[in-house]
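Below is one structure, written out as structure tokens, with a few remarks after it.
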Amino acid sequence: MSQSTEVEVELRPPLHQVNPRARWWWTAQALLTSLLLLGVEYLVFSWFSDWGPTPTAITTCSAVLGLLYLLVMPHWRFRVHRWETSRDAVYTSSGWLWQEWRVAPLSRIQTVDMQRGPLQLLFGLSSVRVTTASAAGPVRIEGLTPDAAQGIVRHLTRRTQDTPGDAT
Amino acid sequence: MIGQWQRLDRRTLAVHLKWLGPPIGSVALYALFTGGDFNRDALIRLGVLTCCFLLVSCFEAVQLLTTGYRVTEELFELRKGLLLRQHKSIRLERIRRVDLTANPIHRVLGIAVVRIGTGEHHSHGAQELKLASLSRAAGQQLREELLQRANSAATEPEQAPEDGVLAKLDWAWIRYAPLTAWGVLSIVIIVGALTRVVDWFGVHIEVLLDAVIRFFGTASTTEVFVTLGLVTLVLGVLSSLVAFVEEWWNYRLERPNKHTYRVRRGLLTTRQVAIDRRRMRGVEVRQPLLMRLAGAARVEAIATGLTGGHEEHTKIHVLTPAIPKPEADRIAAAVAEQFPSPTASTRLTGHPKPALRRRFVRAAWVVLGVLGLLVLGGLTVSPNLLTAAWITAIPLVPICAALAVDAYRALGHGLTGAYLVTRYGAITRSTVAVRTDGVIGWRVVRSPTQRLSGLATVSAITSAGKRGCYKVRDVGVSEGLSFADEAVPGLLAPFLRRRSTPTATPVGTEEDVTTRNILDRAQ
């Protein structure tokens, strides 16, 4: 082997995967989005009826794209979405085409909430939202079982209460 | 003073007389345009307008008379309202800034609006209480009191104030004022708004156009366009000069005491912004393209609690007007309290070559987009646009390519002293220095193309700034993560994986995979 070596640094995936049911939740979301888009297209094209074959082509295209999105996105997301809490930090990864990793130290956390949207409720899932003093937006962990979410909230609340200051 | 409910200054009532301005003004304008001939429609419009403004003034008067405020041991409290009573309070130690502003009417009356802000972010921005208005003396007294108490709550001993003026207005700086596009834009906006208003009162735009055409007489179209262009340009330059004088008159950036930076400026509207020094998280030196070509730059503060919702406050983080770059670096160094300035850009590490490719691809998209639109228009509307397409292409292609190279050369990041520095942008070049102890998290984003070319955008999250994060764009993954790890030791380290990769000969992939697995299990 070679003499000269260089240390490459990369982010390791967070420890825990989200609940597998999250795939169905994302599929439902994708389905709603695609149907909404097709509905809007249908309305627009029925308004302008003298455009020849273009509307049909566009609608077919978006139907195919929507179907692909529906089939690919949830599984891809499931491979990417992971989370981890340590003694000092929350670490998450999310996204599919555009992927995002977030690290927030527990000492800088302002609030921790558990959230359940109507769709998530349907699939028995919950999210955890961790806000810091930054305008960059909260760190979210989506698609957890309510128990796991509650566990995270308890852990984070206990740890953050120990730290003084206003977390700015 | 402590614990007593205080009232606003009664002279504020006089300010609300300004609400009578629009109805009186519009009646006068109407009379002017029509020669005093009021028909029924116009009367109804004017009547409705007057009623609206009367309602607004009544509401404001009630608010004024029912507002009270007091400073207690721990809180600043504000209550107001007649039917809908509101009661708000801020803990004194959370107060980060107290600003006094006075527009010309306020100044004639000797009063000022006081705004009290905290350093927290909510979904709707930082919390802010507004007192409109107090007498100037009472306002200044309140500010001293609040800032002093906010400081003493943090148990830092007060020291004798040093008379530190960091920057004063230099009239030579006015030469940079026309380099902002706002001058020309404002003329266009004013003309546009005027035609709307005139139209509303029944004078049609054709009449105005006729007047313009008659004025030019027999001149050709080209002459008319060139003249109008020149007139707009000259008026634009003049308006930017006027704006500079109004905004930066009597400008001073100073450190009146150990805890505060203060910016004072303005001719008709005086603006005073005081920033608690312990809220400073860094500085930003911004250079829009034209300014950069002229060697100028602007300095802005990165501080928590500077993102209020009020329009006047979109500029509260601005520390200087456009000034020569060396001067900007000097001021940045003074505000950052580190010499040489972290924003003076000699020590930055550049970014890998794929970042240049990404910039070329983006430039190509811009060129394709513009030309595509023109060609599409040429095929469907008028063949003239096809000619326009290739005429546009000749300057557009080299300009976009040059901007791409320039944007790549701008990219850089580094650590110097207490600051992490990142630089980016061609249209507006920003050099941002953020205190590493102000970093409250990291965000790494990778797009599909970034993953293919081994790049990432690494953002330092802070509690300051409108977006709350400062990006190191398109840095090599390994380099970017090492940089983040070094900037804030310990935060990112537990989530990083280090791999020794031989640079000379490639390793067999199977072996590589097993090493990784073992490392994974070990963790």
In nm, to one decimal, how far is the residue B:222 label point from the residue B:401 one, both placed 7 Å along Cα→Cβ?
3.0
If you bin the C-alpha pair distances of chain A every 10 Å from 0, what whole percents do you get?
9, 29, 26, 18, 12, 5, 1, 0
Alpha carbon centre of segment B:395-430 versus segment A:38-62: separation in Å?
43
By Kyte-Doolittle mean hydropathy of at least -0.5 and Cα axial length of at least 27 Å, which whole DSSP H helices of chain B are selected?
B:40-66, B:221-248, B:353-380, B:384-410
Taking the convex hull of Cα positions in segment B:353-409, its mean projected area over all directions (nm²):
3.5
Taking one equal scatterer on every alpha-carbon of segment B:6-158, how large is log10 of I(q)/I(0) by Debye at q = 0.10, 0.13 1/Å?
-0.49, -0.72
Would you work out which of B:456, B:398, B:413 lies farthest towards the positive end of the dipole of segment B:390-489, given +1 charges on the beta-carbon of Lys and Arg and -1 on that of Asp and Glu, about the Cα centre?
B:398
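Sequence gap at least 6, Cα distance under 8 Å: using those rules, report the relative contact order of segment B:176-248 to the nearest whole percent.
Answer for segment B:176-248 is 67 percent.
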Where does helix A:22-47 land angle-wise versus the long Cα axis of chain A, in degrees 0 to 90, nearest 10?
30
Take the Cα gyration tensor of the protein assembly as shown, multiply each eigenvalue by 5, square-root it, and list the three semi-axes largest first, rounded to whole angstrom.
46, 38, 30
Given a Förster distance of 25 Å, the FRET efficiency implied by the Cβ-Cβ spacing of residue A:145 and residue A:75, rounded to the nearest 0.05, works out to 0.85
Can you give the FRET efficiency to the nearest 0.05 for residue B:381 and residue A:36, using r as the Cβ-Cβ distance and R₀ = 51 Å?
0.95
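For B:143, A:116, A:129, give me the order by solvent-accessible area with a 1.4 Å probe, most accessible first, ignoring ligands, DNA and RNA.
My answer, sorted largest first, is A:116, A:129, B:143.
Can you tell me how much longer the chain between residue B:189 and residue B:245 gets when fully stretched, taken as 0.36 nm per residue apart minus their C-alpha distance, in nm with one decimal? Write out the running numbers ahead of the final one.
On the way: separation 56, 0.36 × 56 = 20.16 nm, distance 2.02 nm.
Gain on extension, residue B:189 to residue B:245, equals 18.1 nm.
Kirkwood hydrodynamic radius for segment A:81-161: how many Å is it when counted over pairs of different Cα atoms?
It works out to 12.9 Å.
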Taking a crude spin-label model, label points 7 Å out from Cα along the C-beta direction, the residue B:347 to residue B:213 distance in nm is 6.6
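Restricting to DSSP H runs of at least four residues, report the calculated mean residue ellipticity at 222 nm for chain B, -39500 (n - 2.57) per run over all residues, nearest 500 deg cm²/dmol.
Calculated at 222 nm, the ellipticity per residue is -14500 deg cm²/dmol.
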Please report the projected area of chain B's Cα convex hull averaged over all directions, in nm².
35.4
Inter-probe distance in nm under a simple model that places probes 7 Å from Cα toward Cβ, at residue A:87 and residue B:171
6.5
Contour minus Cα-Cα span, residue A:116 to residue A:10, at 0.36 nm per residue, comes to 34.9 nm
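At 0.36 nm per residue, and after removing the present C-alpha to C-alpha distance, how many nm does the segment from residue B:486 to residue B:198 gain when stretched out fully?
Numbers: separation 288, 0.36 × 288 = 103.68 nm, distance 6.20 nm.
Length difference between fully extended and current span is 97.5 nm.
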Taking each residue of B:476-485 in turn, how many C-beta atoms of other protein chains fall within 10 Å of its C-beta, and what is the average?
3
Listed residues B:131, A:35, B:415, B:452 arranged by accessible area, highest first, probe 1.4 Å
B:452, A:35, B:415, B:131
Once the Cα gyration tensor of segment A:18-79 is diagonalised, what are the square roots of 5 times its eigenvalues, in whole Å and ordered largest first, as equivalent ellipsoid semi-axes?
30, 11, 5
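Can you give the average number of partner chain beta-carbon atoms within 10 Å of each beta-carbon in peptide B:441-454, as a whole number?
The per-residue average across the peptide is 5.
The values are calculated or read from the model by the stated rules, or taken from the named source; none is laboratory data. This one's a predicted model, so the numbers in the text were calculated from it and none came from an experiment. With ideal geometry, Cβ positions are generated from the backbone for all residues, glycine too; neighbour counts draw on all protein chains shown. Just so you know, the surface numbers come from the protein's heavy atoms only, side chains and all, with ligands and any DNA or RNA stripped out. Shrake-Rupley method; radii C 1.70, N 1.55, O 1.52, S 1.80 Å.
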